[in-house]
Each structure stands twice: as structure tokens, then as C-alpha cells.
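A.B. asks: Dumping the structure here so I can ask a few things about it.
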Amino acid sequence: MTSIDVHDLTKEYGPRRAVDRLTFRVVPGRVTGFLGPNGAGKSTTLRLVLGLDRPTSGTATLDGRPYVTLPEPLRRVGALLDAQAAHGSRTGRDHLLALAASNRIPARRADEVLEETGLGPAGRRRVKTYSLGMRQRLGIAAALLGDPEVVLLDEPSNGLDPEGIVWIRGLLRGLAAEGRTVLVSSHLMNETASFADHLVVLGRGRLLADTPTRDFIDARVRPRVRIRTTDPTALRSALARHGHDAVEHPDGYWSVSSARVDDIGPLVAAAGVPLLELTTEEGTLEEAYLDLTAADAEFAAQPYQEA
């Protein structure tokens, strides 16, 4: 199977450096989430991988070859960068048939991927009648058309309804389980955490992280224990004797940072503290991502304050 190799990749637009000496590798058999704030260089990197832009320096290759040198590239690489790319006056099926003909892909694949993406009943409708979610499904169908070894998707969940979001998770995991190379760019942290095995994170065009998802979270967010009790005084006293601080939250529970249930459970039980809840709160991808990229967001709004 084919890997994506980015080496010392740089792209400059006049005085602005959109991608800055970027090096990472996307390997087969896992879903790699591609994260970063707006302006971090994700879309530019994907365009460089797909030969839509030329790098200022460095390389982006697929199994050691630039995309532009691949014969019948849709058979090797499937990509969705813009769900609005299909011509509105064509039917969804005709859009796929045109792509298939350009890469000597059997016409039957158009009908197969329409069914696979849930667009079978709408295949003969004009694209201009499609909703945003339907256009997104059509873009994914186009990416799958050539049964490619490499799949690159930019914000694939955009516009999808809840059923579609569950479907795309299963699709991404299934593609990776078949040994394909899957790179998915997204701003939806909780959604990315549901399907990504590995993360590549950019900030201002530079590589900030290249690591398994769970390792990325655990390195940046301390575990917490969530506790509910009918005797907060006894709880605070028992925790304080063992060097733990409990923080009260407005909705009635307490949390202890840098601790796990196995640490807290025995000591509060020994103190006879009545418990209604004792659970571990694992760190989230959103928390870890914001911790890492806080200084690298090019566009950051001020928190809302009530008048």
C-alpha cells in the first residue's frame, strides 16, 4: 500500500509562508487526523500533496512519486477538497461517469459508489438540487470511485446529518482496516477523536505534533476524578489528609485533578465518605488541542461577556 511522505515542505505566497519546512508521514492501515487552526496550512499542504500547487521547496510524494506523475491517478488517490466542485447542471451520476471515463474506471463504479454513499435514489437528479450534505456525499463518492489506496478528505462531516456522521466514521475505519492510507482534515475535535488513530497537528505552517491520538491527549491533559457525595465536608477532609484538593462545580459535583479512581476510591472509602458517584474524567482531544495550539491560532475571537 501507498504512504504519503512530506519532507521539508515549504510554500510561500509572496512574503507569507503558508507551509514552513513541514515533514511527516501518513502510513497505511490507520486513520490520521490532520488538525490545526484556521490559517495553519492544512489546505495548502493537501493541495501540494495533490499537485494543485507547486512547493517553494521540499517534496510531497505518494509512495515516492509526485501525484502529477501518477498514471490514472484516481485509481491511486481519492480526494475531497471542495464539495461544491461538481457542476450543478449535471446529475450526480453523470458527474461520476465523467470522472470515471477520464481514468478508465468502469462505468459500473459510478452506481456502486452512489449506493455506498447513500445517493442511489438521487443519482439522476441535477447536482444543483442537492443539499450541502448530499453534495458532501457526492464528493466522497468521487473520492472512492477508483477504489484508491490513498484517501484524503477535507472536512468530510461538513453538512452531514447524524446518520451521515455515524456512516462516515464507519467508512473511515473500514478503509483503514483494509490497509488504505487515510488522511482526514477536520475542525471537529470530538468527531476526530471518534475515528482518528493518529494525529498530525499544524500551527502557522509548522508541525506541532505527530503522535497517536491517545498519547497526544494524555501528554497535555491531566486526568481528573469526578465525585458526588452527600457529605462534602468529610470528602474535603479525607482528600486533604492525603494531599489532594477538591474543586466544587456549580452543578453539584467535585473534581480532583491529577488523580485516578484507583487513588481516590480507597482513601474516601476508608474515611467512610458516602459516595453517589466516583468516576474518572479522561482528557478530551479538544482540551489537548486547545492547550497545544493556543499560541498558534491566527484568528482568535475574544470570549463573550454579558453586558
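A.B. asks: Taking region 127-138 only, how many residues are under 26 Å from LEU48 (Cβ atoms) and surrounded by fewer than 23 Cβ atoms within 10 Å (Cβ to Cβ)?
C.D. replies: 1
A.B. asks: Moving on to the next point. When you look at ILE105, is it in contact (Cβ under 8 Å) with a residue 24 or more places away in the chain and within 28 Å of LEU188 (Cα to Cα), yes or no? Steps first, answer last, please.
C.D. replies: Numbers: in contact (Cβ under 8 Å) with a residue 24 or more places away in the chain: yes; within 28 Å of LEU188 (Cα to Cα): no.
Criteria not met by ILE105.
A.B. asks: So which of ASP251, ASP245, ASP263 ends up being part of a loop (DSSP other than H, G, I, E, B) and within 15 Å of PRO223 (Cβ to Cβ)?
C.D. replies: Answer to the check: ASP245.
A.B. asks: If SER257 meets every condition in (1) more than 35 Å from the chain's Cα centre (by Cα); (2) modelled with pLDDT under 90; (3) among the polar types (S, T, N, Q) apart from one, which number is that one?
C.D. replies: (1)
A.B. asks: Filter region 139-150 down to residues that are under 25 Å from GLY88 (Cβ atoms) and touching a Gly at 6+ places or on another chain (Cβ under 8 Å) and give me whichever is surrounded by the most Cβ atoms within 10 Å (Cβ to Cβ).
C.D. replies: Only one residue tops the list, namely ALA141.
A.B. asks: Show the residue pairs meeting these rules: Cβ distance below 6 Å; 6+ apart or different chains; first residue within region 151-172 and in the same structural domain as ALA85 (by TED's automatic domain parsing) and surrounded by 16 or more Cβ atoms within 10 Å (Cβ to Cβ); second residue part of a strand (DSSP E or B) and among the small types (Gly, Ala, Ser).
C.D. replies: Cβ pairs passing all conditions: VAL151/GLY78; LEU152/ALA79; ASP154/SER185.
A.B. asks: Please work out which residue is surrounded by the most Cβ atoms within 10 Å (Cβ to Cβ), limiting yourself to region 56-72 and to residues that are on the phi > 0 side of the Ramachandran plot and assigned to a loop (DSSP other than H, G, I, E, B). Before you say what the answer is, go through the steps one by one.
C.D. replies: Of the residues in region 56-72, the ones on the phi > 0 side of the Ramachandran plot are 58, 63-64, 72.
So of that shortlist, the ones also assigned to a loop (DSSP other than H, G, I, E, B) come out as 63-64, 72.
Numbers: ASP63: 15, GLY64: 9, GLU72: 11.
Top of the filtered list is ASP63.
A.B. asks: Filter region 82-126 down to the residues that are over 22 Å from ILE168 (Cβ atoms) and in contact with a Ser or Thr (Cβ under 7 Å, 6 or more places away or on another chain), then identify the one that is surrounded by the most Cβ atoms within 10 Å (Cβ to Cβ).
C.D. replies: Among them, the one singled out is ARG126.
A.B. asks: Name, by its number, the condition in (1) touching a Phe, Trp or Tyr at 6+ places or on another chain (Cβ under 9 Å); (2) at negative phi; (3) surrounded by 14 or more Cβ atoms within 10 Å (Cβ to Cβ) that does not hold for GLU12.
C.D. replies: (1)
A.B. asks: Regarding GLY146, is this residue over 15 Å from the mean Cα position of the chain (by Cα) and either closer than 14 Å to VAL77 by Cβ or part of a helix (DSSP H, G or I) (or both)?
C.D. replies: Against the criterion (over 15 Å from the mean Cα position of the chain (by Cα) and either closer than 14 Å to VAL77 by Cβ or part of a helix (DSSP H, G or I) (or both)), GLY146 qualifies.
A.B. asks: If you don't mind, there's one more thing I want to ask. Identify all residues within region 39-53 that are crowded, with 21+ Cβ neighbours inside 10 Å and on the phi > 0 side of the Ramachandran plot; write none if there are none.
C.D. replies: GLY41, the sole residue that qualifies.
A.B. asks: Considering only residues that are closer than 26 Å to TYR13 by Cα and touching a Ser or Thr at 6+ places or on another chain (Cβ under 6 Å), look in region 173-199 and name the one that is surrounded by the most Cβ atoms within 10 Å (Cβ to Cβ).
C.D. replies: LEU183
A.B. asks: So the check is Cβ under 9 Å with 6+ separation or different chains; which pairs have a first residue in region 250-271 that's assigned by TED's automatic domain parsing to the domain that holds LEU239 and a second one that's basic (Lys, Arg) and assigned to a helix (DSSP H, G or I)?
C.D. replies: TRP254/ARG236; LEU267/ARG241; ALA271/ARG241
The values are calculated or read from the model by the stated rules, or taken from the named source; none is laboratory data. Note that the structure is predicted; figures quoted are calculated from it, not measured. Counting neighbours? That spans all protein chains shown, and the Cβs are built from the backbone with ideal geometry, glycine included.
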